1. Quick check on the exposure proxy: order Asp110, Asp36, Asp78, Asp20 from fewest to most C-beta atoms within 10 angstrom.
2. Starting from the amide H of Phe118, placed 1.01 Å from N in the peptide plane, find each other amide H under 5 Å away whose residue is 5 or more places distant or on another chain.
3. Which cross-chain or sequence-distant (5 or more) residues have an amide H under 5 Å from the amide H of Leu163, H modelled 1.01 Å from N in plane?
4. Would you mind calculating the relative contact order of the chain from Cα pairs under 8 angstrom and at least 6 residues apart, reporting the percent as a whole number?
5. Go through region 56-68 residue by residue and turn each phi into a ³J(HN,Hα) via Karplus (6.51, -1.76, 1.60, θ = phi - 60°); whole Hz please, and just put x for glycine and proline.
6. In what order do Val141, Val40, Val100 fall by count of nearby beta-carbon atoms within 10 Å, going from fewest to most?
7. For Thr68, Thr8, Thr16, what's the fewest-to-most ordering of other Cβ within 10 Å of each Cβ?
8. Most fluctuating residue of Leu92, Leu61, Leu84 in a GNM of the chain with Cα springs under 10 Å: which is it?
Amino acid sequence: MQGLHFNTPATLDGWTAIDDRVMGGVSSSRLTFHLDGHAVFEGEVSRDNGGGFASVRHPALRLGERDTVGYGLHVRGDGKRYKLNLRMEGGLDGVNHQAVFQPPAGRWVDIVLPLNHFSPCFRGRPVPDAPPLRPEKVCQVGWMVADGQIGPFQLAIRTVSVLGQTLAL
């Protein structure tokens with residue numbers, strides 16, 4: 001199965017920050033490469049000027065197949081809640097399918113996110129009538145921290161695996 005492996009600096013090509021600055025906020029984030037062979041999503045979230053979220057996104061990544069049943073993450077958190085954002089349409093704005101996860105601080109863990117853990121949202125609000133997530137249509141991938149979690153954050157990411165029906169959740 002396909003997936004994302006953040007094991008070289010080149011794996012970060014194309015990732016960009018899309019923070020609350022797009023609406024006047026002052027939060028900031030970036031995705032950097034750590035010499036130990038993983039990516040780090042880090043920055044600071046502020047509520048100043050009506051803000052409150054930080055995110056990074058790759059605008060052109062396929063992540064899923066017709067038989068995908070979920071995603072596996074190998075991550076090290078800081079105790080905060082994060083979201084894996086998947087989009088089925090190109091462009092800057094639109095519906096995100098988000099799954100929330102909260103890895104423990106300071107240690108590498110494996111997290112499984114079944115498809116039914118993803119909820120459609122538009123600009124942070126639920127979209128109950130949106131089409132369900134279809135992994136074979138995923139074309140954008142991103143990470144987000146929001147929901148009142150003010151201050152510095154850091155999520156280390158080694159891999160994102162695509163889990164097929166033959167793999168147990």
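What follows draws every value from the coordinates through simple rules; no lab data is involved. Just so it is clear, the structure is predicted and the values come from calculations on it, not from any experiment. Every residue, glycine as well, gets a Cβ built from its backbone with ideal geometry; the counts of neighbours run over all protein chains shown.
1. Taking fewest neighbouring Cβ atoms as first place, the list is Asp36, Asp110, Asp78, Asp20.
2. When sequence neighbours closer than 5 places are left aside, there are no close amide H contacts.
3. Val69, Gly70, Tyr71, Gly72
4. About 32 percent, as a whole number.
5. Here the 3J(HN,Hα) series is 10, 8, 9, x, 8, 10, 7, 8, x, 9, 4, 8, 5 Hz.
6. Ordered by Cβ neighbours within 10 Å, fewest first: Val100, Val40, Val141.
7. Starting with the residue having the fewest Cβ neighbours, the order is Thr8, Thr16, Thr68.
8. Looking only at Leu92, Leu61, Leu84, the largest GNM fluctuation is found for Leu92.
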